[in-house]
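Worksheet: one structure, shown below.
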Number of protein chains: 4
Amino acid sequence: MEDARISDLRARIDTLNLDLLRLLSERAEVAEAIGRVQSEVGLSHYDPVREQRMLDALTDANRGPFTDTVVKSLFKQIFQASMQLEEQQDKVKYLTSRHSQSADTVVTVGDVPIGSQYAPVLIAGPCAIESREQVEAVASLLAERGVRLFRGGAFKPRTDPYSFSGLGEEGLRIGREACDRHGLQFVSEIMDASNIAAFEEYVDVLQVGARNMQNFTLLRAVGRSRKPVVLKRGLSATIEEWVMAAEYLMAEGNDQVILCERGIRTFERYTRNTLDVSAVALAKLETHLPVIADVTHSGGRRDLLVPLTKSALAVGADGIMIEVHPNPAVALSDNKQQIDFEAFDRYLAATLYDTKLTAKRTELYGF
Amino acid sequence: MEDARISDLRARIDTLNLDLLRLLSERAEVAEAIGRVQSEVGLSHYDPVREQRMLDALTDANRGPFTDTVVKSLFKQIFQASMQLEEQQDKVKYLTSRHSQSADTVVTVGDVPIGSQYAPVLIAGPCAIESREQVEAVASLLAERGVRLFRGGAFKPRTDPYSFSGLGEEGLRIGREACDRHGLQFVSEIMDASNIAAFEEYVDVLQVGARNMQNFTLLRAVGRSRKPVVLKRGLSATIEEWVMAAEYLMAEGNDQVILCERGIRTFERYTRNTLDVSAVALAKLETHLPVIADVTHSGGRRDLLVPLTKSALAVGADGIMIEVHPNPAVALSDNKQQIDFEAFDRYLAATLYDTKLTAKRTELYGF
Amino acid sequence: MEDARISDLRARIDTLNLDLLRLLSERAEVAEAIGRVQSEVGLSHYDPVREQRMLDALTDANRGPFTDTVVKSLFKQIFQASMQLEEQQDKVKYLTSRHSQSADTVVTVGDVPIGSQYAPVLIAGPCAIESREQVEAVASLLAERGVRLFRGGAFKPRTDPYSFSGLGEEGLRIGREACDRHGLQFVSEIMDASNIAAFEEYVDVLQVGARNMQNFTLLRAVGRSRKPVVLKRGLSATIEEWVMAAEYLMAEGNDQVILCERGIRTFERYTRNTLDVSAVALAKLETHLPVIADVTHSGGRRDLLVPLTKSALAVGADGIMIEVHPNPAVALSDNKQQIDFEAFDRYLAATLYDTKLTAKRTELYGF
Amino acid sequence: MEDARISDLRARIDTLNLDLLRLLSERAEVAEAIGRVQSEVGLSHYDPVREQRMLDALTDANRGPFTDTVVKSLFKQIFQASMQLEEQQDKVKYLTSRHSQSADTVVTVGDVPIGSQYAPVLIAGPCAIESREQVEAVASLLAERGVRLFRGGAFKPRTDPYSFSGLGEEGLRIGREACDRHGLQFVSEIMDASNIAAFEEYVDVLQVGARNMQNFTLLRAVGRSRKPVVLKRGLSATIEEWVMAAEYLMAEGNDQVILCERGIRTFERYTRNTLDVSAVALAKLETHLPVIADVTHSGGRRDLLVPLTKSALAVGADGIMIEVHPNPAVALSDNKQQIDFEAFDRYLAATLYDTKLTAKRTELYGF
């Protein structure tokens, strides 16, 4: 039961809306035409000087009731919308986006498919490669348990410059040999673009660590490789920043990208970091890439490994990364959070045979 | 193949270790005796002046090689360990802790048990109670779908003092009547200790909101009630602070406490808050209380409701809270995140019939 | 040297821009007219159902090149801009805002003016009121040093329910008597609306603590008092939330509001909290209220008291709050961060006689 | 007036304390002797297997009243204290620490000294080097105003791979020429270790950006250069992590390190980042290095440039970095926060002639 005065005024608004739409559409068509010429002659679509002049003309002409600020704000929206049209013409769609590829990407490592409808994979191994014996022990256990991907760091990012920072290239060789002996795929972190040749030789999956998520030089170098990549999310990175880092990889031609959520920095002191399951879900909604979760670093606590694994899988993670060490007490790094072989078997039992998790899994590798 | 000199020195260390242990144990026994006398005569165990004097005596006597700072630090550890023994004598155990009660608490609301081995419950309803019609529509839908707990706010905490802040006591009456008509239990947020009588009359479960998690006056008042309580975690509260807030409730005698994780503030801009599943797991490890997750506020996005629900249940949540409104577009608050009836049915289908979730559920209420 | 085709198209755009501006202005005028009728008949300006219908009509009419999503987005901006105009008509200006009062508010406590061009004040005293002797010692020292405002808590918010939580009303009496003896103004934290009568009797300035910044019941009660208020910023509150909390106070009629920045929660482990000097600057830019900084809680370290004081004053703080205790080692709370009398004198010397700070100060109270 | 029983027991405690001290000191001496042998034969001091065995022996021998957990915890403290002694023998002191160098480091760029008692310096210039004309305009203005250090990015870290990422080496050449013409020192960000030769040729101060603060490869490369370095703090880095990044530079031999606070990520939406003045103070307390503040990025708002500058200088900053652009509206990056020439003059006037700031400044360069 509307006031009659309101009804009349609203009818007037309806007409004005349609008039505005007509003008906006016409304006957009002209802008598209300009965009085509610009592309042809190699000019950038964005011309801030021209934009400033248009805004000046509009505020000169403005007689209210909108303030100049509001007029400028509305027209900036209109300019931006037009420019987006021009950019779509150029097909500058983000390669990582579901808009440019709706189907899930499946990254295949050796003969192990990751992503889409495939069973979640398990990537396990020690934090750091410390010796031939240590790697052999872990690799043979993993192979026996049906795990297909071995992780182990040869170059370790360390906050303190005097901490153990890995065996370097020798570590890569040790890892490669053990993986070959046991039919495993080798995942290892690359920290330096100049090491790319060694990684190409020894490693199956290049890992980019959280601290290097916005090391754009490294991203471009890894993007030029054709090896699959695991890209960890930065400790305080937004999802958008993480996805843009993946875009760096894809922009260089590498489309074998796996995103890895590894916990974000929060105020919590009971955990080292906080697993962000929404980020797993949103990365899968916004991109077509496989997304895995590192349950060792995201909690930093052994008693959270099973619940965080279940939680990550429930939200759609395509895989889990976990640290296993023959004797965590003597590990050269991360010795509070790696688990030993007995604990690893309990972990597998708790996650593998849980009715809630096995439903969509048909093969032992993975879970 | 150890250097002989090292072996000899290590044997000496072994003897010293045992000597130290003997002295430490003797010291602890004397400290316990002091603690008993202090308890008897009503003195506090902690006496900073005495502690300062002991430290002064030790640093006076110190001839190295430890620096005075290290000596003080080591003895402070020893003092603290002794005091913990004294405190254990006093049995000042936190009531919320697994150490004081190992078995899971089951909170029973009407005839609905929450916690332990019981099927997860669903608490659903509109953000705010707006009208008799709105509440009737939601309540009848929920009852039809087998949901047993209805939520709806009559007093709404709002950042802006001029926003709609709820119908007040009239809202409580509307909620009560609808719940009675449909056999539902009524959950509603209390913001003010002075409203406790009205809540006792109309409401089945008192909810303490995130902004009031450290409103100790309110906590004490609610703790004196015998109604079950849902205690939301503060937006930036650590798990310890959250559990201590529950301790306020239990210290006043209310042991019907349900913890509710509702997302923490992070830097993410794609979501309103970030669901912290580790907090659900840790709250269940550290306390014996039921823990539920509010999936509406923790994501603030409709497309995350299903994945966050699955994730929270996988990590062990005893229930889920979700906002449903007949027409979210015209809701007086939270209109971006409430779902309508059709979406609610899709939500139920996606969570109820998922093989991963139904395993331990036998009744329709809940999932 | 622009392509001629571009010049022609740009001329066309210029005309369209002006046509759009004309229509937008006309639409805004009609919307204002609707707003006036709505205000007259008591209707809310925001009508989401009407908005939805307009958007439906527009997307029905849309023939490109904009997608429906872009059309909806642009028109939502237009609707919003119009609604802002309507709201301005209603003069719903926030009372805290510089837009409703451009001149600085000066809050006068006893005969001590705070804010605007007045010298920064110092508010000092112990964390908690523990005994008559303790308060007397501090109050006489402060009076001797020319400090005019005494702070001391009688009701202490404590995370742990079993910690010392203050002497209550007896503490208020002790504080009042000491302040009367020494001509000091008494600042103390109120945690419960039901204590307002006692605070009205004994206290000169009501303090609302960080944990209660969004305790809206308490804010409304304190807002109905005519005593000056110190409103602390919540540990993770945005500046907007903080200012809105002050708006609660002013909306109830209390315009004697002092904002107090006390450090925000960050990831830093060297400090307890992190002083946010931008918040001091922005609070002074956005509101007309005095803003002070609590240098004890924002750093939680004695060695930061002087630098944080200098920093806060440089950014424009109208006062400083600091904790002083006769013997911090035996204090019942906060014993790591309170300073003793000797340190307080060093603090005064370092801040008072520093040439950078004394420039605009003419009286001893303050600095 | 102590209970006599307590007095007696306390006397017993006093004796035990001294016995414990004697044993602890003896144990430390033996541990030092072991450490010397280990250093001699090249063994690591830390031997987790040995430590485990000692703990096992102790818990085997433990008869209470301490639990095994407490015994282990106390002895771990003792082990750690002993190991620290051994490490001190090795003189592994952090080079950045005040403990290894108590006097302030002065970094000299050209003839401009930075740090210690010298007047704060101003480092100004555009976000990105865009053209010869732009750089010439800024450089000539700066030189006229007495500024001595010019900043300008030739390699720009960008979240989005398709954004303008700088002119590269051509940009370095443009910057060098302009600086030579106007007697300015050139500061520019290096993102890639492989560009080090070009930076050595063209640039006076290497800047390591916030995103690269833990790019350890880059840090080591820059550490091997002898050019002064500005090391920005990471967006969510703790102070300890920031200082450890500086330690990487010094460990490689570069002692010309300037720390730069540039704002941390917080929940605040009014600002881009939040200037952390405590970090400036703490970095100066903990290290001997000069510390500057980037007031452009830490606020992201022009209206905060003056207050943040005053605040940073008051807390002891040795310099300020600020972005200036001939026409910010058309800048290719950061166009919301750079200031134009007129605003820069207002900025200089507001900071230079402020009595609070000029006290310790004697020359025009700087302030």
Which residue is nearest to A:Val243 (Cα to Cα), if the candidates are limited to the range A:92-110 and must be touching a residue at least 24 places away in the same chain (Cβ under 8 Å) and in contact with a Phe, Trp or Tyr (Cβ under 9 Å, 6 or more places away or on another chain)? A:Tyr94
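Can we say B:Glu252 is within 9 Å of another protein chain (Cβ to nearest Cβ), of a type outside the set (S, T, N, Q) and without any contact (Cβ under 8 Å) to a residue 12 or more places away in the chain?
On the way: within 9 Å of another protein chain (Cβ to nearest Cβ): yes; of a type outside the set (S, T, N, Q): yes; without any contact (Cβ under 8 Å) to a residue 12 or more places away in the chain: no.
Spelling it out, it is not the case that B:Glu252 is within 9 Å of another protein chain (Cβ to nearest Cβ), of a type outside the set (S, T, N, Q) and without any contact (Cβ under 8 Å) to a residue 12 or more places away in the chain.
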If you go through the range D:200-208 one residue at a time, do you hit one that is under 20 Å from the mean Cα position of the chain (by Cα), over 28 Å from D:Thr274 (Cα atoms), outside any helix (DSSP H, G or I) and touching a residue at least 12 places away in the same chain (Cβ under 8 Å)? yes
Taking into account only those residues within the range B:109-127 that are out of contact with any Gly (no Cβ under 9 Å at 6 or more places or on another chain) and of a type outside the set (A, V, I, L, M, F, W, C), which is farthest from B:Cys260 (Cα to Cα)? B:Asp111
Got at least one residue in the range C:111-126 being without any contact (Cβ under 8 Å) to a residue 24 or more places away in the chain and within 14 Å of chain B (Cβ to nearest Cβ)? no
Does C:Lys91 meet the test of being modelled with pLDDT under 80 and basic (Lys, Arg)? yes
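With the requirement that a residue be among the aliphatic types (A, V, I, L, M), farther than 30 Å from B:Ser7 by Cα and at pLDDT 80 or above, what does the range D:1-52 give you?
Of everything in the range D:1-52, those that are among the aliphatic types (A, V, I, L, M), farther than 30 Å from B:Ser7 by Cα and at pLDDT 80 or above turn out to be D:Ala4, D:Ile6, D:Leu9, D:Ala11, D:Ile13.
Anything in the range D:139-167 that is of a type in the set (A, V, I, L, M) and touching a helix residue (DSSP H, G or I) at 6+ places or on another chain (Cβ under 8 Å)? List them, or say none.
Taking the range D:139-167 and keeping what is of a type in the set (A, V, I, L, M), we get D:139, D:141-143, D:147, D:149, D:154, D:167.
Passing the criteria: D:Ala139, D:Leu141, D:Leu142, D:Ala143, D:Ala154, D:Leu167.
Please tell me if B:Glu32 is within 40 Å of the chain's Cα centre (by Cα), part of a helix (DSSP H, G or I), of a type in the set (Asp, Glu) and within 7 Å of chain D (Cβ to nearest Cβ). Outline the logic, then answer.
Numbers: within 40 Å of the chain's Cα centre (by Cα): yes; part of a helix (DSSP H, G or I): yes; of a type in the set (Asp, Glu): yes; within 7 Å of chain D (Cβ to nearest Cβ): yes.
Yes, satisfied.
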Odd one out for C:Tyr202, checked against (1) of a type in the set (Ser, Thr, Tyr); (2) at the interface with another protein chain (Cβ under 8 Å from one of its Cβ atoms); (3) more than 30 Å from D:Thr266 (Cα to Cα): (2)
Of the numbered conditions (1) surrounded by 20 or more Cβ atoms within 10 Å (Cβ to Cβ); (2) under 19 Å from B:Leu218 (Cα atoms); (3) among the hydrophobic types (A, V, I, L, M, F, W, C), C:Val205 fails exactly one; give the number of that condition. (2)
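Can we say A:Gly299 is more than 10 Å from chain D (Cβ to nearest Cβ) and on the phi > 0 side of the Ramachandran plot?
Details: more than 10 Å from chain D (Cβ to nearest Cβ): yes; on the phi > 0 side of the Ramachandran plot: no.
Considered against the rule, which asks whether it is more than 10 Å from chain D (Cβ to nearest Cβ) and on the phi > 0 side of the Ramachandran plot, A:Gly299 comes out as no.
Give the residue, chosen from D:Arg27, D:Arg5, D:Arg12, that is buried (at least 18 other Cβ atoms within 10 Å of the Cβ), facing another protein chain (nearest Cβ under 7 Å), out of contact with any Lys or Arg (no Cβ under 8 Å at 6 or more places or on another chain) and assigned to a helix (DSSP H, G or I).
Unique residue meeting the criteria: D:Arg27.
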Could you grab me the full set of residues in the range C:263-296 that are more than 12 Å from chain D (Cβ to nearest Cβ) and either out of contact with any Lys or Arg (no Cβ under 7 Å at 6 or more places or on another chain) or surrounded by fewer than 24 Cβ atoms within 10 Å (Cβ to Cβ) (or both)? C:His288, C:Leu289, C:Pro290, C:Ile292, C:Thr296
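Going by the conditions given, is C:Arg220 surrounded by fewer than 24 Cβ atoms within 10 Å (Cβ to Cβ), within 12 Å of chain B (Cβ to nearest Cβ) and in contact with a Leu (Cβ under 7 Å, 6 or more places away or on another chain)?
Against the criterion (surrounded by fewer than 24 Cβ atoms within 10 Å (Cβ to Cβ), within 12 Å of chain B (Cβ to nearest Cβ) and in contact with a Leu (Cβ under 7 Å, 6 or more places away or on another chain)), C:Arg220 does not qualify.
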Are any residues in the range C:171-187 in a helix (DSSP H, G or I) and either among the β-branched types (Val, Ile, Thr) or modelled with pLDDT under 95 (or both), and if so, which ones? C:Ile174
Unmet criterion (only one of (1) crowded, with 16+ Cβ neighbours inside 10 Å; (2) free of Cβ contacts under 8 Å to residues at least 40 places away in the same chain) for C:Glu144: (1)
Only one of B:Ser194, B:Ser225, B:Ser165 is under 21 Å from B:Ile114 (Cα atoms) and either assigned by TED's automatic domain parsing to the domain that holds B:Ala293 or β-branched (Val, Ile, Thr) (or both); which? B:Ser225
Which numbered condition D:Met250 fails, given (1) outside any helix (DSSP H, G or I); (2) at pLDDT 95 or above: (1)
Of (1) crowded, with 19+ Cβ neighbours inside 10 Å; (2) more than 13 Å from B:Glu136 (Cα to Cα), B:Ile174 satisfies all except one. Which? (2)
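The values are calculated or read from the model by the stated rules, or taken from the named source; none is laboratory data. The structure displayed is predicted, hence computed values, not measured ones. Note: ideal-geometry Cβ built from the backbone for every residue, glycine included; neighbour counts use all protein chains shown.
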